[in-house]
1. Output the strands (runs of 3 or more DSSP E) that fall wholly within the stretch B:163-248 and possess 3 or more residues being under 30 Å from A:LEU26 (Cα atoms) and not aliphatic (A, V, I, L, M), or say none.
2. Applying the selection to the stretch A:27-36, what residues are part of a helix (DSSP H, G or I) and under 18 Å from B:GLY97 (Cβ atoms)?
3. Scan the stretch A:41-53 residue by residue and report those that are away from chain B (no Cβ under 11 Å) and part of a helix (DSSP H, G or I).
4. Could you list, ordered by first residue, the pairs with Cβ atoms under 6 Å in which the first is in the stretch A:115-140 and within 7 Å of chain B (Cβ to nearest Cβ) and the second is assigned to a helix (DSSP H, G or I), at least 6 apart or interchain?
5. For the stretch A:106-136, enumerate the residues that are of a type in the set (Val, Ile, Thr) and either surrounded by fewer than 21 Cβ atoms within 10 Å (Cβ to Cβ) or over 21 Å from A:PRO70 (Cβ atoms) (or both).
Amino acid sequence: MFFTVLMVMMLLAAALQAALPTAWWLGGLRLELLPAFVACGALTLSRYPVSGLALAVVAGLAHDALSAAPFGLTALAYGSAVVAILLLDEILDPELPWVQMTAGAIVAATGASAACAAVGFSAGAVGKLVVLALISAVLTPVVYLLLELFRDWPRSDRGWEKSVDA
Amino acid sequence: MLGWIIFLGQPITASAKLRMVFVRVCTPFVRLGDFVPVIHSRRALAQENTRLQAENDRLRQLERALTETVAENQRLQQLLHFTGRASLRTVGARVIGRDASNWWKTVQLDRGSDDGVRTNCPVLNADGLVGKVIAVNRGDSRVLLLLDPNCKISALLQKTRETGVVVGSAVAFSRAPRCLMTFVDRNAKIAAGQAVITSGLGSVFPKGILVGTVTDARLNKQTGMYQDVDVKPAVDFTRLEEVVVILGQG
């Protein structure tokens with residue numbers, strides 16, 4: 001159920017990302033929400049690596065479908081980043097904010113690197129990559145907190161009833 | 001991963017079909033955004049109706065709607081005037097989404113191949129040239145904006161008739177987007193404020209569409225053989241709402 005909720009939220013995030021205007025306070029960049037969702041998916045679904053990877057690939061394909069990026073490029077980048085996060089899962093605690101921030105930054109930086117490979121590397125492009133990674137680092141703990149609300153849904157109510165009965 | 005790389009190397013039709021599936025899945029979510037303001041204004045109206053005089057609120061709301069309709073009408077009339085004057089076969093479209101990425105400058109339109117839109121069709125609005133269509137589905141299409149470095153347009157300076165190529169600026173961070181007109185004769189006299197229009201060469205863009213105005217010019221640093229001209233686009237790309245897609249000559 002959580003996976004379905006995550007998938008729907010991710011598609012909504014992709015649509016929102018495609019509707020957001022560029023922000024002057026980000027130097028003309030647009031907020032990217034998908035890397036944060038992908039990172040959170042990888043951290044929360046670490047026991048089900050295939051689900052985490054599937055979420056990353058679908059997020060990447062949705063991203064590419066709503067942009068002029070070569071189709072499949074972002075899916076490859078997000079997938080690679082999630083594999084790296086899943087490999088580090090044994091030694092990292094996903095509850096720690098700095099782990100969440102690092103995961104978000106890794107996903108965003110990998111996606112931006114893939115885009116750079118397509119459009120060409122330059123000093124400006126590297127600067128953009130760093131800013132996007134920082135934005136995702138900030139967004140990821142916020143998205144993680146938001147997803148926590150849905151993690152036990154719809155069982156959370158029954159749990160509450162049991163604790164009251166006890 | 002190897003399998004994925006092989007997939008990326010597949011003939012374009014395989015990935016294009018999969019892309020079309022994803023566009024069809026994602027576009028309804030993009031269109032959801034159209035309903036958000038409606039829900040918001042209804043809520044606001046309900047709150048105001050309980051607090052303030054109902055008649056005044058309804059009139060204010062009506063006035064706002066009328067102002068918006070009048071403004072939209074004026075924009076559409078300007079568009080019709082331009083396309084009618086040039087005797088072009090066109091179709092009007094609304095912008096329903098921007099590019100989800102920060103690396104490409106595109107927008108999504110609500111018109112597709114069912115409406116006659118094809119790849120490379122020029123797109124413009126009342127202010128000037130917007131870009132060209134790069135991908136088409138049945139009910140929607142994607143437009144590469146003038147600002148993207150991949151969009152190259154054969155252009156000329158309206159007053160002096162000097163020719164050049166306008167490309168999107170590759171500057172990563174900029175509040176005011178700029179374009180660059182390159183390959184302009186090194187001896188050409190260029191003044192700020194001069195209009196830049198499409199030259200009609202290259203057979204994609206019809207001749208005479210306003211691209212922008214000159215803001216600065218300098219000799220190319222690398223070769224010194226031609227001038228680079230900074231061009232401020234005529235179109236405000238942050239406020240793109242309605243556009244016209246040119247389907248061909250009338």
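The values are calculated or read from the model by the stated rules, or taken from the named source; none is laboratory data. The structure displayed is predicted, hence computed values, not measured ones. Every residue, glycine as well, gets a Cβ built from its backbone with ideal geometry; the counts of neighbours run over all protein chains shown.
1. On the way: elements: B:163-168, B:179-185, B:195-198, B:210-219, B:226-233.
Answer list for the stretch B:163-248: B:210-219, B:226-233.
2. If we filter the stretch A:27-36 for residues that are part of a helix (DSSP H, G or I), which is where we start, we get A:34-36.
Answer for the stretch A:27-36, where residues must be part of a helix (DSSP H, G or I) and under 18 Å from B:GLY97 (Cβ atoms): just A:LEU34.
3. The initial filter retains those residues of the stretch A:41-53 that are away from chain B (no Cβ under 11 Å), namely A:41-52.
A:GLY41, A:ALA42, A:LEU43, A:THR44, A:PRO49, A:VAL50, A:SER51, A:GLY52, listed by residue number.
4. Once the first residue is within 7 Å of chain B (Cβ to nearest Cβ) and sits in the stretch A:115-140, its partners that are assigned to a helix (DSSP H, G or I) give A:ALA125/A:CYS116; A:LEU132/A:ALA108; A:LEU132/A:ALA112.
5. Passing the criteria: A:ILE106, A:VAL119, A:VAL126, A:VAL130, A:VAL131, A:ILE135.
Residues checked against (1) among the polar types (S, T, N, Q); (2) under 25 Å from B:VAL107 (Cβ atoms); (3) crowded, with 16+ Cβ neighbours inside 10 Å; (4) out of contact with any strand residue (DSSP E or B) (no Cβ under 6 Å at 6 or more places or on another chain):
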| residue | (1), (2), (3), (4) |
| --- | --- |
| B:SER199 | yes, yes, yes, no |
| B:MET225 | no, no, no, yes |
| B:VAL235 | no, yes, yes, no |
| B:VAL245 | no, yes, yes, no |
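To keep it simple, each residue is scored yes or no on (1) in contact with a helix residue (DSSP H, G or I) (Cβ under 8 Å, 6 or more places away or on another chain); (2) closer than 20 Å to B:ARG98 by Cβ.
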site	(1), (2)
A:LEU16	no, yes
A:TRP25	no, yes
A:GLY41	yes, no
A:GLY52	yes, no
A:GLU90	no, no
A:TRP98	no, no
A:MET101	yes, no
A:GLY104	yes, no
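Every residue, every condition in (1) more than 8 Å from chain B (Cβ to nearest Cβ); (2) more than 18 Å from A:VAL99 (Cα to Cα), yes or no:
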residue: A:GLY27; (1), (2): no, yes
residue: A:ALA39; (1), (2): yes, no
residue: A:ASP64; (1), (2): no, yes
residue: A:SER67; (1), (2): no, yes
residue: A:ALA77; (1), (2): yes, yes
